[in-house]
Amino acid sequence: MTVTALIVAAGSGSRLGGGLPKQYRPIAGTAVLARAVDALASHPAIDSVRVVIGNGHEELARNALGSRDVGELIIGSAERADSVRAGLAAIETDVILVHDAARPFCPHDVIDRLLDALPTADGVVPAIPIADTIARADGLLGKAVDRQGLVRVQTPQAFRLDTLEQAYAQWTDIGATDESTVARAAGFEVAVVLGDPLLEKLTTASDWDRAEVYQATRLISRTGMGFDVHAFAGEGPIMMGGVEIPHERGLAGHSDADVVLHAITDALLGAAVLGDIGEHFPPSDPRWKGASSSIFLAHAADAVRRAGGRIDFVDCTVICEAPKVGPYRDAMRSRVAEILGLPISCVSIKATTTERLGFTGRGEGIAAQAVASVRLPPVGL
């Protein structure tokens, strides 16, 4: 039995405001659509994931999905029914799970329950019981409605492909809020399994806040370390922490030789297991000749956030006899904080000497070591 997940992401997402459709907005650095794909693609029973997008959203979708394997993007419509029909026409499978892109967190045990129940039903949906008092209201609160047996229906919804194709072939109404509505209208029986609060749909700003908080609770702390050294050469000034510092001698390097930014860059890349600065910006590449090291640090910060991470704190120690770091410390902290998008209170820069021992003690160059505290999703999730 082959299983394909079809994610419907063709809506405008306009109710949330802000211009960008909600399926392409980031939660903790990763687009909602990408999170929905990851949640389904990581389940061992799902063979493939396909995505239906709105016309003209191709670039948005490619940027959101990155290298994720979703096959060819399927172009849908403003109407859900037409988007699902387009998906059905593009898929060959035994079982299809139709899912809303605006539900980015799908627990694996919900998928297990859907697939376990499908052999004895025409279709299966996840749902959660209603715990609140339900009443009609038109300006004033009206009579309460018996909530016994009432549930909130969620996605993904599971069907055999031929069953859902038959149901949509008979569906003539414009509006279809979900596939169970279409299937039941065609006479098919749809079973219900327990859903999950994590499958709540993102609709309002408060939903977004809730998703951000949830994602933050899943992150684990990591620490990365970075070290850099540059020899004195030529005339000053020198760049340190993104700040120009007067000095009689300059520093040798392919870029601007900023030891502070280089060390912090490597610390961030290390925390996210993304290699080192030399892999991302090889000194053999002429593009980085004399380049500002702020480019390197901004790249590392963006890479951490694209991996779903959050930078909490960076600390850097400069090791040199001269120049004196103290007069420029706050300017350096401010510049590093600006590049990283952090409050200045989350950046520490200090200095020490080696009591005239070693190459820094002999005044031959400057070294820096840095530590970065980062929160990232657990490995494999």
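Structural remarks
- Among residues of the stretch 212-228 being surrounded by 14 or more Cβ atoms within 10 Å (Cβ to Cβ) and closer than 18 Å to ALA372 by Cβ, the one that is modelled with the lowest pLDDT is LEU219.
- Looking across ARG136, ARG160, one residue alone is modelled with pLDDT under 95 and farther than 23 Å from ARG210 by Cβ. It is ARG136.
- Test: ASP330 is part of a helix (DSSP H, G or I), surrounded by fewer than 19 Cβ atoms within 10 Å (Cβ to Cβ) and in the same structural domain as ILE264 (by TED's automatic domain parsing): yes
- Residue check, GLY175 within 30 Å of SER77 (Cβ to Cβ), surrounded by fewer than 19 Cβ atoms within 10 Å (Cβ to Cβ) and either modelled with pLDDT under 95 or touching a Lys or Arg at 6+ places or on another chain (Cβ under 7 Å) (or both): yes
- VAL260 vs. criteria within 22 Å of GLY326 (Cα to Cα), in a helix (DSSP H, G or I) and among the β-branched types (Val, Ile, Thr): yes
- A single entry from GLU165, GLU189 fulfils the requirement of being modelled with pLDDT of 95 or more, charged (D, E, K, R) and within 18 Å of VAL84 (Cα to Cα): GLU165.
- Taking the listed residues ARG335, ARG356, the one that is charged (D, E, K, R) and buried (at least 19 other Cβ atoms within 10 Å of the Cβ) is ARG335, with no other qualifying.
- Of the set (1) exposed (fewer than 14 other Cβ atoms within 10 Å of the Cβ); (2) not in a loop (DSSP other than H, G, I, E, B); (3) not aliphatic (A, V, I, L, M), all apply to PHE232 but (1).
- Single unsatisfied condition, ILE245 versus (1) more than 29 Å from PRO377 (Cβ to Cβ); (2) among the β-branched types (Val, Ile, Thr); (3) surrounded by fewer than 16 Cβ atoms within 10 Å (Cβ to Cβ): (3)
- Residue match in the stretch 70-88 (condition: within 24 Å of ASP302 (Cβ to Cβ), surrounded by fewer than 23 Cβ atoms within 10 Å (Cβ to Cβ) and modelled with pLDDT of 90 or more): yes
- The set of residues in the stretch 343-381 that are within 25 Å of PRO323 (Cβ to Cβ), touching a strand residue (DSSP E or B) at 6+ places or on another chain (Cβ under 7 Å) and of a type in the set (A, V, I, L, M) comprises VAL347, ILE349, ALA351, ILE366, ALA367, ALA368, ALA370, VAL371, ALA372.
- Residue that is surrounded by the fewest Cβ atoms within 10 Å (Cβ to Cβ), among those in the stretch 185-210 that are without any contact (Cβ under 8 Å) to a residue 24 or more places away in the chain and in a loop (DSSP other than H, G, I, E, B): GLY187
The values are calculated or read from the model by the stated rules, or taken from the named source; none is laboratory data. Remember, predicted model here, so these are calculated numbers, not experimental data. Backbone-built Cβ (ideal geometry, glycine too); neighbour counts: all protein chains shown.
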